[in-house]
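The values are calculated or read from the model by the stated rules, or taken from the named source; none is laboratory data. Owing to the predicted nature of the structure, the values given are computational and were not obtained by experimental measurement. Cβ placement follows ideal geometry from the backbone for every residue including glycine, while neighbour counts extend to all protein chains displayed.
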Amino acid sequence: MHDVPPRVNPGGGRGVPQDMSDVQSGPGGAGRPRRSGWRRLLPTWRMVTGGVLGVLLVLIGGFFLGYALVSIPDPNAAAVAQNNVYLYADGKTEITRDGAVNRQNVPLSDVAKTARYAVLSAEDRNFYHESAVSPKSMLRAAWNTATGKGTQSGSTITQQYVKNYYLNQSQTVSRKLKEFFISIKLDRNETKDQILEGYLNTSYYGRNAYGIEAASQAYFNKDAANLTTAEGAYLATLLNAPSEYDLAAHPENAPAAKARWNYVLGGMVKEHWLTQAQRDATTFPTIGKPKPTASKAGQRGYIIEAVNKYLTDNNIVSADALRAGGYRITTTIQQSDEDAIVKSAQDNVWSKLGTTKADSYVRTGAASIDPATGNVVALYGGLDYTKQYVSSATNATYQPGSTFKPVILASALQHSSQTQDGQAITPDTVYNGDSKRPVQGPNGPVGYAPENEDKVSYGPISVTEAMDKSVNAVYAQMAQDVGTGKVTETAHALGLPDSVAVPSTPAMALGAFGASPLEMAQVYATLADHGKRIPYSLVTKVDKDGNDLSLPSRDPVQAIPRGAADTTTSVLRSVVDSPTATATAAQGSGWPSAAKTGTAEDDKAAWFAGYTPKLATVVALFGLNPDTGAQESLNNALGVARVNGGGPPGQVWAQYTADALNGVPQQDFDLQLQPGANTLPTDTGTPSDTPSTTTQAPPPTTTAPPPTGTAPTPTGTTAQPPSTTAPTTTATPTGTTPTPTGTATMNPVGGTTAGGGGSGPSSGPGAGSGPGSVSGAGSSTGPTTGSGSGGSTAGSRGTPVAASGGG
């Protein structure tokens, strides 16, 4: 068999074997087998090289194409921000405009050198020795934006300047690509100093200050050239979060702001722009008070602030978009109602200011909600936004005091709660109202013994009367009986924000937590609307360029059963209608009203919260030191020794309500009451012939009523509060009233316990069964009849005695 010679092509070269399975021989005779199996699926090095080169050619071509097509545009509209227009609820009448640019451009030489370095330390430490763009940061930001992980920056100062001055705040890939090419071109056309100057003049620092000169004036009342190292570092800190790090408006953010400030200074040391010794000598600066513009005078600034917060909190408009402007915002504020609350505050608070130190502490806030719609129809933040820039309508740092007691009662009714001995809690249930009486749990005292206002002890007292007189001992015990967790759930269901930290102890009865008048108005509006919660709103329409923005859904939710809400309302009506109650000021409105007063610890705040069938309003007076921002007592302000909720706050509430509802057909409450609320006490007594020298009822006796059931006669010149029950129709037995074998005492865990056995009448006043009318930690909701020795049945106002597990 002969070897077959290789085929020779016409050119004389050696050709490829016809059979591809043949072995290819090299110069040395070694063969190279062809690729087989899974290796055939892998690209060759030629293919890889070709692919990489192709991609690079596309990228290079795309770069040059983009560079050629994208030119440096004129400054955009965001560089000259538009106004936002705020309208009253009629959609026509203007409240004010906001958003005009507050900017004064200055050359880089007119900015303190340490302030410049501080900005570089905060935003771009490699600015002077790096390119205009940071591809790595851009890719990370684009990826996070595209994958929905949130908007990201990470850009160089050049890129941020391009975004601020030439483009917009949108987080899109197309915008970032434009930013990329414009930044490169700008870096070739302008010096680093020019770019830094432009950045400093276009950046936003909060307080409507655009540019470092305006920011320097806004925060430190000086030119940018005179900024200290500490002040410059603070302005650089603001670039990261302008609104949140303004400590005059948000003192709660001080830890975060100071941490960022320290980061800036640390970077300056690291970059050798500041020595360690200079850093150690630098202390956090004193930040000046905001200086609002004239367009925010009066209530305008408070309304703008509250509306803007509502828009951003509900993700209707972003803070950046609001700053850029161009929005037409129709608010829920009714002009007539707003005028009415302003006038009422002027008549009942500001016109009565004296010259004492306490008078300088007075701040007033109010919020009014239409229960049927949830719309905030009036908002009062203070005397004038240009003079008192912290809104007292939305200030959530003061204790609402006893205005929280109705929430405890509503929760008890909602959950059909019982006293410690198993008696249902109703408006007629009687508790022990002694001051500093230890709250009782299933296993005895829980370690809390609240003091009543003015240290008054009331003895046995009904739930309704305890609300009338705001008895801490009763409602602290009730909170324990219901369960503080359930009470907190009810509070949030009624509309108190989840962020409000209600104490998980019976101390909640004293309202020992922070809440704003607007937040409490939401709670009372829910009670007014029979337990239906409609989230409050401050806007009815928002449009830009003729397009309406979507607003959040606000469908009513039955937060608590109607019976629980309406029964609570019936008790709060007693607080208004009973002559010796604390909220009688509401009678001045001329409308059927339900209300509750409240006083914060050390009299630092006084509240009046109430509603008619048409309007729910909360008014509060706060004590605020204008120099330190500390909460102060209101004692001796407004010409009175003690400011309480039933005083100026109640007067503001009554006048405002009367004016706001002027011309509205009056209607009564339509209540569906739970059992035990149908026969609420009605004061039928006659006022004392001796004028009272105080608005407070005299302290009732702290000893048990005599076994005959007759209410004790108080001493002094002020009459005891008259009986709240109808006179008995049962004839008084003839003969001598039996004398019990023991002495009547107060049961340490309940109501009145009479003496031991003996014979007595089988019915009528003083009748009882067994050794006493109250057993153990039990409760009684009606007169006791039966045979046995006379037990005491009379409460402090002639109300049948009930004891509740230490209540």
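Working only within the range 229-252, note down all residues that are surrounded by fewer than 16 Cβ atoms within 10 Å (Cβ to Cβ) and not small (G, A, S). H250, P251, E252 - these are the residues of the range 229-252 that are surrounded by fewer than 16 Cβ atoms within 10 Å (Cβ to Cβ) and not small (G, A, S). All conditions but one from (1) within 26 Å of M467 (Cβ to Cβ); (2) touching a residue at least 24 places away in the same chain (Cβ under 8 Å); (3) out of contact with any helix residue (DSSP H, G or I) (no Cβ under 8 Å at 6 or more places or on another chain) apply to T429; the one that does not is (3). Within this structure, E489 fails the test of being within 30 Å of R300 (Cα to Cα) and touching a residue at least 24 places away in the same chain (Cβ under 8 Å). Meeting the requirement of 1 or more residues that are among the aliphatic types (A, V, I, L, M), at pLDDT 90 or above and on the phi < 0 side of the Ramachandran plot, the helices (runs of 4 or more DSSP H) wholly within the range 156-242 are 192-202, 212-220, 229-238. With respect to the conditions (1) touching a Phe, Trp or Tyr at 6+ places or on another chain (Cβ under 9 Å); (2) within 30 Å of A241 (Cα to Cα); (3) not basic (K, R), A396 lacks only one, and its number is (1).
For every residue, the table says whether it meets (1) in a loop (DSSP other than H, G, I, E, B); (2) modelled with pLDDT of 95 or more.
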residue	(1), (2)
D434	yes, yes
R437	yes, yes
P450	yes, yes
D454	no, no
T464	no, yes
Q480	no, yes
G485	no, yes
A493	no, yes
G514	yes, yes
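When K309, K343, K352, K291 are screened for being of a type in the set (D, E, K, R), at pLDDT below 95 and either over 30 Å from R125 (Cα atoms) or surrounded by fewer than 20 Cβ atoms within 10 Å (Cβ to Cβ) (or both), only K291 passes. With respect to the conditions (1) more than 28 Å from N395 (Cβ to Cβ); (2) out of contact with any strand residue (DSSP E or B) (no Cβ under 7 Å at 6 or more places or on another chain), T612 lacks only one, and its number is (1). Considering the range 268-285, and only residues there that are surrounded by 15 or more Cβ atoms within 10 Å (Cβ to Cβ) and out of contact with any Phe, Trp or Tyr (no Cβ under 8 Å at 6 or more places or on another chain), the residue that is nearest to Y128 (Cα to Cα) turns out to be V269.
Could we say that S470 is under 19 Å from F608 (Cα atoms), in contact with a helix residue (DSSP H, G or I) (Cβ under 6 Å, 6 or more places away or on another chain), hydroxyl-bearing (S, T, Y) and not in a helix (DSSP H, G or I) here? Yes; evaluated as a whole, the condition is true for this residue. Restricting attention to the range 627-664 and to residues that are free of Cβ contacts under 8 Å to residues at least 12 places away in the same chain and farther than 24 Å from S402 by Cα, the residue that is nearest to the chain's Cα centre (by Cα) turns out to be T628. Within the range 504-562, the set of residues being acidic (D, E) and in contact with a Lys or Arg (Cβ under 7 Å, 6 or more places away or on another chain) comprises D543, D548. In the set (1) modelled with pLDDT of 95 or more; (2) under 19 Å from P675 (Cβ atoms); (3) buried (at least 24 other Cβ atoms within 10 Å of the Cβ), S416 fails one condition alone, (3). Condition check: of a type in the set (G, A, S) and over 15 Å from D529 (Cβ atoms). Does G598 satisfy that? It is true that G598 is of a type in the set (G, A, S) and over 15 Å from D529 (Cβ atoms).
Could you tell me how many of the residues in the range 639-668 are of a type outside the set (G, A, S) and touching a strand residue (DSSP E or B) at 6+ places or on another chain (Cβ under 7 Å)? It would help to see each step written out before you state the result.
If we filter the range 639-668 for residues that are of a type outside the set (G, A, S), which is where we start, we get 640, 642-644, 648-649, 651-653, 655-657, 659, 661-662, 664-668.
Add one more test, that the residue is touching a strand residue (DSSP E or B) at 6+ places or on another chain (Cβ under 7 Å), and what stays is 643-644, 648-649, 652-653, 656-657.
Matching residues across the range 639-668 total 8.
Taking (1) over 23 Å from Y86 (Cβ atoms); (2) modelled with pLDDT of 95 or more in turn, T580 satisfies each apart from (2).
Tell me, yes or no, whether the range 356-376 has at least one residue that is over 30 Å from G495 (Cα atoms), at pLDDT 95 or above and among the small types (G, A, S). Yes, the conditions are met somewhere in the range 356-376.
A Cβ distance below 6 Å, combined with a sequence gap of six or more or placement on separate chains, defines the contacts here; from the range 577-600, residues that are surrounded by fewer than 22 Cβ atoms within 10 Å (Cβ to Cβ) reach residues that are not in a loop (DSSP other than H, G, I, E, B) in the pairs G588/A654; G590/A658. Scanning the range 535-555 for residues that are of a type outside the set (S, T, Y), touching a strand residue (DSSP E or B) at 6+ places or on another chain (Cβ under 8 Å) and under 18 Å from A493 (Cβ atoms) returns a single hit, R554. Within the range 253-267, being surrounded by fewer than 19 Cβ atoms within 10 Å (Cβ to Cβ), small (G, A, S) and touching a helix residue (DSSP H, G or I) at 6+ places or on another chain (Cβ under 8 Å) holds for one residue alone: G266. Residues of the range 578-585 include none that is within 29 Å of V539 (Cα to Cα) and of a type in the set (S, T, N, Q). Of the residues that make up the range 378-393, is at least one in contact (Cβ under 8 Å) with a residue 40 or more places away in the chain, farther than 24 Å from Q480 by Cα, in contact with an Asp or Glu (Cβ under 7 Å, 6 or more places away or on another chain) and not basic (K, R)? Yes, the range 378-393 contains a residue that is in contact (Cβ under 8 Å) with a residue 40 or more places away in the chain, farther than 24 Å from Q480 by Cα, in contact with an Asp or Glu (Cβ under 7 Å, 6 or more places away or on another chain) and not basic (K, R). Of all residues in the range 440-481, those being surrounded by 24 or more Cβ atoms within 10 Å (Cβ to Cβ), of a type in the set (A, V, I, L, M, F, W, C) and over 19 Å from T582 (Cβ atoms) number 1.
Scanning the range 285-313 for residues that are assigned to a loop (DSSP other than H, G, I, E, B) and basic (K, R) turns up K289, K291.
Taken together, the residues in the range 505-552 that are small (G, A, S) and within 19 Å of the chain's Cα centre (by Cα) amount to 8.
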